[in-house]
Amino acid sequence: GALLLLKEAFPGLPGRELNRALYETARDLGDEGEDNIYGNGLIDVFAAYNWLIEQGNSPTPARRADNDAIALNLKTRTLDCERMIQSFLMVANNGTEPITSLQVTFRIPDRNMALGTVSWAGEILPGEVREVILDPVNAITGNYVVQANISRVNGRVDLRSLDNVYKAEVQVVEDPVLP
């Protein structure tokens, strides 16, 4: 993970140089220097980033997307015996333009099963966080993990899509729960 962060900031540097930055800036934890218990110490990505700059390297500026949605939380509610899941998705707008529509795809990743896709329309301003109430999707009976993936933002693919997925445990019952 640390190497990927450094590679994103310095895409032109070879892995050997990025590894060296992590090695040179690790915080020593055990006996002084490299040892058999702690190795060279604890990785400090920010120190490695700064070390690379001190060596004369320039980081590539972060890419800012117009339509960048982030899935922050997913709450679900089972609709009794209807075998449907009602979802509430917390979405942050990390882009530069308002979000006016989302397309969210639901799946059960462990079973490689698609549950369906729903659309949402509204407005989330840049920098704003909002809970989005999604239409119910058909589900199967049982206890499992459901995954919501924001697949489209304002009708376009989100180019920064790694933070568009959120998972939640659900329980879908066949019969209504009676008192």
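The figures follow:
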read-out: Where N is the number of residues in the stretch 68-179, Cα Rg divided by 2.2 N^0.38 Å; value: 1.09
read-out: Accessible area of the chain belonging to carbon and sulfur atoms, whole % at 1.4 Å probe; value: 50
read-out: Interchain or long-range residues, amide H under 5 Å from G95's placed H; value: D68, G127
read-out: Whole-Hz couplings from phi, Karplus 6.51/-1.76/1.60, listed for the stretch 19-36; x for Gly and Pro; value: 4, 4, 4, 5, 5, 5, 10, 4, 8, 5, 10, x, 4, 4, x, 6, 9, 7
read-out: Cα-only Debye scattering, the stretch 6-112: base-10 log of I(q)/I(0) at q = 0.23 Å⁻¹; value: -1.16
read-out: Segment E128-E32, length gained on full extension (0.36 nm per residue, minus Cα span); value: 29.8 nm
read-out: Computed helical MRE - 222 nm, the chain, DSSP H runs ≥ 4 contributing -39500 (n - 2.57), nearest 500; value: -4500 deg cm²/dmol
read-out: Heavy-atom surface of the chain, accessible at 1.4 Å and reported per residue (Å²); value: 60
read-out: Derived scalar couplings ³J(HN,Hα) [the stretch 92-102; Karplus, 6.51 cos²θ - 1.76 cosθ + 1.60; whole Hz; x for Gly, Pro]; value: 10, 9, 9, x, 9, 10, x, 8, 10, 8, 10
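The values are calculated or read from the model by the stated rules, or taken from the named source; none is laboratory data. These numbers come from a predicted model, not from an experiment. When the accessible area is computed, the model is the full protein with side chains, heavy atoms only, and any ligands, DNA or RNA have been set aside. Shrake-Rupley method; radii C 1.70, N 1.55, O 1.52, S 1.80 Å.
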